[in-house]
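First the structure, in the form of structure tokens, and then the observations on it.
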Amino acid sequence: MRIGIDATALPPQPVGAGNYIIQLIRALAGLIGEDELVIFAEEKGPALIDLPVTPNIEWRLIPDKDPAVRLIWEQAFFSRLIREADIDVLHSLHYTRPFRLSCSSVVTFHDMTFFLYPELHTSTKRIFFPQAIKSSAKRADFVITVSESTRQDAIRLLGLSPDRVITIQHGVDRAFRPINDIEFGKRVTNKYRLPGKFILYVGLIEPRKNLPLLINAYKKLVDDGTDHNLVLVGRFGWMFDEVLEQIEKLNLTDKVILTGYVEQVDLPMVYNLCDLFVYPTLYEGFGLPALEAMACGIPVITTDVSSLPEIVGEAGLLVPPDDVEALFEGINKVLYDEGLRLNMARRGTEQAAKFSWEWAARSTLEVYRQAIKKS
């Protein structure tokens with residue numbers, strides 16, 4: 001096969017879907033054998049994805065673009081580049097594909113928030129993505145979803161035939177593991193000004209992540225005299241200012257630390273340094289940070305919605321996304337019960353070991369074969 005991979009949506013500071021793009025391409029590159037990969041990416045792409053130079057991997061680069069401009073370019077000009085590359089199948093890794101294509105097509109949907117929670121997106125995204133996703137779903141040979149929860153949402157909301165929608169879950173990078181490196185820990189602690197004892201959140205600072213729930217629960221912990229700080233790791237997204245206002249209003253400015261974006265090379269150690277990981281999200285297509293935390297041997301508390309129960313399994317503690325008291329009690333329980341914490345850490349590493357990028361890549365290659373056969 002001559003496989004086209006659309007990585008043009010890869011942002012300069014990858015999270016979530018960006019990490020999916022990087023990790024899947026790396027895993028595919030290790031498995032393609034005599035097949036060929038043609039990777040369409042912006043100029044920053046090769047450095048971010050970081051592949052070895054081999055004869056069967058070809059880069060087709062375009063100038064870096066503003067996200068909105070990229071979406072216009074995708075529909076107006078991308079089809080010509082795809083024809084010129086003479087590929088057998090194109091995998092669009094981020095929701096949308098060009099309207100017209102001269103080859104087989106596979107599209108990955110990461111979640112259905114544009115339909116389920118449109119109010120959590122900017123007005124521009126609310127206008128563009130629902131129609132673009134519907135068009136892509138209609139024209140693709142197969143749709144890949146990153147969890148069974150997202151698969152069921154896609155089938156229901158888009159009216160898709162179940163046999164065209166394939167669940168292929170994320171893997172977890174081997175860098176996320178228990179790490180016993182004192183010097184590395186000191187460097188990361190100093191670099192991001194981390195406290196000695198802390199509860200951790202990793203993800204965008206935006207409405208969908210439901211951070212007010214965590215901050216309110218943490219306020220109750222502070223009032224009870226906790227000596228743990230709360231560390232929020234992630235770049236600021238849409239409407240982040242509401243989170244900052246809440247922290248200030250509750251007089252938590254000295255207790256809540258916002259690190260901004262943490263480099264991927266440092267992130268496994270940040271997980272290792274915390275005592276508890278809390279992911280209070282309203283909806284997740286997959287929920288990769290929860291999996292990364294479990295792989296590092298860190299107890300996880302998250303919400304009982306969307307994909308999180310299937311990702312966390314029996315290893316984590318699940319709470320409703322609107323119950324501050326339940327989250328407060330859960331954090332208290334895990335922080336101050338060493339036996340429970342150790343048991344959750346053990347079960348977490350066992351659960352995380354079930355997720356592999358190699359398996360995800362092998363499954364994805366099979367979808368490509370089926371798409372070409374179908375066409």
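Points to keep in mind about this one:
- The chain: angle of helix 324-335 to the longest principal axis, Cα-based, in degrees nearest 10: 80
- Counted residue by residue at 0.36 nm each, then reduced by the alpha carbon distance between them, the extension gain from E338 to F99 reaches 80.5 nm.
- Helix 211-223 and the long axis of the chain differ in direction by around 10°, with both axes built from C-alpha atoms.
- Sorting 345-351, 52-58, 124-130 by average packing, meaning the other beta carbons within 10 Å per residue, from highest down gives 345-351, 124-130, 52-58.
- Calculated on the Cα set of region 182-352, radius of gyration then Dmax: 14.6, 40 Å.
- Most positive-pole-ward Cα, I205, F184, I215, against dipole of region 182-352 from beta carbon charges: F184
- Those residues of region 9-25 whose amide nitrogen sits under 18 Å from the label point placed on E43, 7 Å along Cα→Cβ: 9-13
- Rounded to whole Hz, the Karplus (6.51, -1.76, 1.60) HN-Hα couplings of region 350-367, x for glycine and proline: 5, 5, 5, 5, 7, 10, 9, 5, 5, 4, 4, 5, 4, 5, 5, 4, 5, 5
- Cβ-based exposure ranking for C296, C274, C103, in which fewest neighbours within 10 Å come first: C103, C274, C296
- Under 5 Å between amide hydrogens, built in the peptide plane, is the criterion, and for R60 it picks out I39, F40, A41 among residues at least 5 positions away or on other chains.
- Sorted fewest first by neighbouring Cβ atoms within 10 angstrom, M239, M112 come out as M239, M112.
- The long axis of helix 182-192 is offset from the longest Cα principal axis of the chain by roughly 80 degrees.
- Largest GNM mean-square fluctuation among R362, R177, R193, using the chain with Cα springs under 10 Å: R193.
- Separation of the E148 and K374 label points, Cα + 7 Å toward Cβ, nm: 2.1
- Counting only lysines at least 8 places from K65 when in the same chain, those with an alpha carbon closer than 22 Å to its own are K44, K125.
- For region 56-64, the Karplus equation 6.51 cos²θ - 1.76 cosθ + 1.60, evaluated at θ = phi - 60°, returns couplings of 9, 10, 10, 9, 10, 9, 10, x, 4 Hz by residue, with Gly and Pro reported as x.
- Kirkwood Rh (inverse of mean 1/r, distinct Cα pairs), region 73-185, angstrom: 15.8
- Footprinting exposure proxy ranking of V165, V202, fewest other C-beta atoms within 10 angstrom first, gives V165, V202.
- Look at the Cα gyration tensor of region 12-68: its axes a ≥ b ≥ c give a/c of at least 1.5 with a/b at or below b/c, and that counts as oblate.
- Partners for K354 among lysines (Cα-Cα distance below 27 Å; same-chain residues under 8 apart left out): K209, K333
- Between K134 and K197, the contour length at 0.36 nm per residue exceeds the Cα-Cα span by 18.1 nm.
- Fluctuation leader among T189, T145, T303 - the chain, Gaussian network, Cα springs under 10 angstrom: T189
- In this rough spin-label picture, where each label sits 7 Å from Cα along the Cβ direction, the L116-N180 distance is 4.0 nm.
- Dipole-positive endmost among A290, F236, L267 within region 182-352 (Cβ charges, Cα centre): L267
- Phi-based couplings in Hz for region 91-104 (Karplus 6.51, -1.76, 1.60; Gly and Pro marked x): 9, 8, 8, 9, 6, 10, 10, x, 4, 10, 9, 9, 9, 5
- Every helix of 4 or more DSSP H residues in the chain counts as -39500 (n - 2.57), and over all residues that averages to -13000 deg cm²/dmol at 222 nm.
Quick note: the coordinates plus some simple rules give every number you see, no bench work behind them. The model shown is predicted, which means the values in this text are computed figures rather than measured ones. Here Cβ is always computed from backbone atoms with ideal geometry, including for glycine, and neighbour counts include all displayed protein chains.
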